[in-house]
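Here the structure comes first, spelled out in C-alpha cells, and everything after it is commentary.
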Amino acid sequence: MTLNPHLPLVYHPNYSFSFDPKHRFAMSKFANLYAHVKKLGLIGNNLTQPVLGSPEPLELVHCDNYIHDLWNNRLDDKAMRRIGLPWSAQLMARTFTAPQGTLQTARLALKHGIACHLAGGTHHAHFDFGSGYCMVNDLAFTTQTLINSGEVTNVLIFDLDVHQGDGTAAMLAHQPYAYTCSIHCEKNFPFRKSASDLDIGLANHMQDAEYLAIVDDTLSYLLKELNPSLVLYDAGVDIWQNDGLGKLDISWDGIAKRDHLVLKRCLEHNIPVATVIGGGYDKDHLRLAQRHGIVVEQAARF
C-alpha cells in the first residue's frame, strides 16, 4: 500500500534541543522522528509549524501561578523532581509550543479528516503541577480551546499510552463536552490514578490479540455512543514488549495494527482524528523514533 505524502503533519524545530543523552526521557526523539518521517517521503509542503508558545494561552486550563512559576523557573525542587526534567529556557520554549502544535493538528484534522503531531500527549500534567515528564497538558488545552471557540461540539480523548492519562482525566472531569478514555497497564505509573470517564486497566504482560480486541470493542462503542466532533488519539508506544517503562507484551506489529484500527474506525464513522505521540522509552533513540513513526505511517495509508 502506498503512503500518502499529503498527510497534514505538525512539527517545530524547538521540540528537540541539546539534552543529556543518558536521561530516561529521550529529548532527541522529536528531531529523530521528523528525520525518520522525512526519510519515508512524507514531508513536503504538508508540514505546518505551530506558533511559538507562551504561558498565557495555557491559563485557560492551568493555574496561572503554576504556569508563570514554571516559565520563570520559580518552582521548588520537589515540584521539579515530580516533573523529572531539569529546567532550561529551551525546555520552556518546547513545553509551551507543543500544546499549540496539538491545537494546530486538531484544526487540520477537522479540515482534512486526519492529521498527526510529531509530539504531544503530555497527559500527566495537572491543573497546578507537572508530573511524569509532563509540564502542561496539550490534550486538555486543545479540547477546552476548541469547545470554547465552538469549533467542536464534543471531543473524545482516546488515550492508549501504557500509563493512565491522569492529568487529562482530572482537568476535564467537569467538562461535559469532553469524554476521556484511558486504556492502560493498571499496575504502572501513576500509582494514584484519576477517574477518566472510562478507565480500562490491563493486566501486566497482556499480548496482541487480547489487547487489540479491547481497543476495538471500546472505540467502536464510544464512537457509536458519543458521535464526537473530533477524536484526539494519544498513540503512546510504551505498550511495546521491550519498552523501558511498559510492562505490557505488545509486539511491534501489534502497535501498527492498533494504530491502523483506531484510525480506520474513526474514518469509517466520518469522525476527524488528530494523533499525538505520547510516551515511549528506549536506550536506542533511533529505534524509539521509528516506533513513534508507526502512527504516522499508518495515517499516511488512508
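Using 0.36 nm per residue of separation minus the Cα-Cα distance, give me the extension gain between Q175 and F127 in nm, one decimal.
On the way: separation 48, 0.36 × 48 = 17.28 nm, distance 1.36 nm.
Taking Q175 through F127 to full extension adds about 15.9 nm, to one decimal.
Taking K and R as +1 and D and E as -1, what net charge do the other residues with C-beta under 13 Å from the C-beta of P57 add up to?
-4
How big is the C-alpha Rg of the chain next to the rule-of-thumb value 2.2 N^0.38 Å, as a ratio?
Values: Rg = 17.3 Å, N = 302, 2.2 N^0.38 = 19.3 Å.
Dividing the Cα Rg of the chain by 2.2 N^0.38 Å gives 0.90.
How far apart, in nm, are two points set 7 Å out from the Cα along the Cα-to-Cβ line at C63 and at L110?
In this crude spin-label approximation the distance works out to 3.0 nm.
Under DSSP H, which helices of the chain have Cα atoms covering 30 Å or more of the helix axis and a Kyte-Doolittle average no less than -1.0?
Counting only whole DSSP H runs, the qualifying helices are 89-112.
Sorted by average packing, counted as other Cβ atoms within 10 angstrom per residue and highest first, what order do 43-49, 62-68 take? Intermediate values should be presented prior to the final figure.
Working: 43-49: 14.3, 62-68: 17.6.
Final packing ranking: 62-68, 43-49.
Taking the simple approach of a point 7 Å from Cα along Cα-to-Cβ for both A209 and S149, what is their distance in nm?
4.6
Order the peptides 198-205, 141-148 from the highest to the lowest mean number of other Cβ atoms within 10 Å of their residues.
141-148, 198-205
Choose one answer from L267, L160, L42: the residue with the largest mean-square fluctuation in a GNM of the chain with alpha-carbon springs under 10 Å.
Ranking L267, L160, L42 by mean-square fluctuation puts L267 first.
Rounded to whole Å, give me the distance from the Cα center of region 17-84 to that of region 182-230.
So the two Cα centres are separated by 26 Å.
Rounded to the nearest 5, what % of the DSSP beta bridges within the chain are antiparallel ones?
The antiparallel fraction comes to roughly 5 percent.
A short reminder: the numbers here are calculations on the coordinates, not readings from a lab. Keep in mind that what you see is a predicted model, and the values were worked out from it rather than measured. So basically every Cβ, Gly included, is an ideal-geometry build from the backbone, and we count neighbours across all protein chains shown.
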